[in-house]
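Asker: Following this message is one structure expressed as structure tokens.
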Amino acid sequence: MAHVVINCRAKDIRRIKITCRCGKAFVAEFPQQIARGLNLHPCPGCGAGFMVSQQPDGKWKIERITETISGMTFEQLAPSQKRESYIGMRVKIVQAAGKAVLGGVAIGADPHPELIGKYGSIIGEIDIDGCGHITPQIKLDDGTMLTGAECWWEPVTM
């Protein structure tokens, strides 16, 4: 089995105490950076599986999901082969409806506020992180180049 290694500071480690039905109490540890994701932790006594995650309001959700994780299997879903292409679509750079939140911290909602209201076209698609996450490449009418991940945009309907 391959192990996942996450580099983080010691102060980023979150420790959540879990008490199982079998009477065993243990501490689930994981980096704060992945606290909002679902984290699987087996009971060292009986092997029951617990899912732990931090909710957007800051509260912790601890849920017993299976009697034993020894029989669990994990499958990687195949990416969908059918995907709509946006190439050639006319778009308008718009203002975000609200603030974007990352890790519980409000970040700037409009990374390029000077471009709000400008029009352009999607001229291609690029892989933004090398993992298959595709984002449009946008060329504005004034020649400015952006990716779909750098701004809020919407299709122009005629």
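Asker: Report every pair of residues separated by at least 6 positions or lying on different chains whose Cβ atoms are under 6 Å apart, first residue within the stretch 40-52 and surrounded by fewer than 15 Cβ atoms within 10 Å (Cβ to Cβ), second hydroxyl-bearing (Ser, Thr, Tyr) and not in a loop (DSSP other than H, G, I, E, B).
Answerer: Close Cβ pairs (under 6 Å, with a partner that is hydroxyl-bearing (Ser, Thr, Tyr) and not in a loop (DSSP other than H, G, I, E, B)) do not exist here.
Asker: Tell me, yes or no, whether the stretch 68-79 has at least one residue that is at pLDDT below 85 and in contact with a strand residue (DSSP E or B) (Cβ under 7 Å, 6 or more places away or on another chain).
Answerer: Looking through the stretch 68-79, at least one residue is at pLDDT below 85 and in contact with a strand residue (DSSP E or B) (Cβ under 7 Å, 6 or more places away or on another chain).
Asker: Continuing with the same structure: Go through the stretch 11-30 and report how many residues are loosely packed, with under 11 Cβ neighbours inside 10 Å and either basic (Lys, Arg) or out of contact with any strand residue (DSSP E or B) (no Cβ under 7 Å at 6 or more places or on another chain) (or both).
Answerer: Keep residues of the stretch 11-30 that are loosely packed, with under 11 Cβ neighbours inside 10 Å, which gives 11, 15, 17, 23, 27.
The next check asks that each one be either basic (Lys, Arg) or out of contact with any strand residue (DSSP E or B) (no Cβ under 7 Å at 6 or more places or on another chain) (or both); those that pass are 11, 15, 17, 23.
Of the residues in the stretch 11-30, 4 are loosely packed, with under 11 Cβ neighbours inside 10 Å and either basic (Lys, Arg) or out of contact with any strand residue (DSSP E or B) (no Cβ under 7 Å at 6 or more places or on another chain) (or both).
The values are calculated or read from the model by the stated rules, or taken from the named source; none is laboratory data. Here the structure is a predicted model, which is why all the values come from computation and not from measurement. Heads up, the Cβs are rebuilt from the backbone with ideal geometry, glycines too, and the neighbour counts pull from every protein chain shown.
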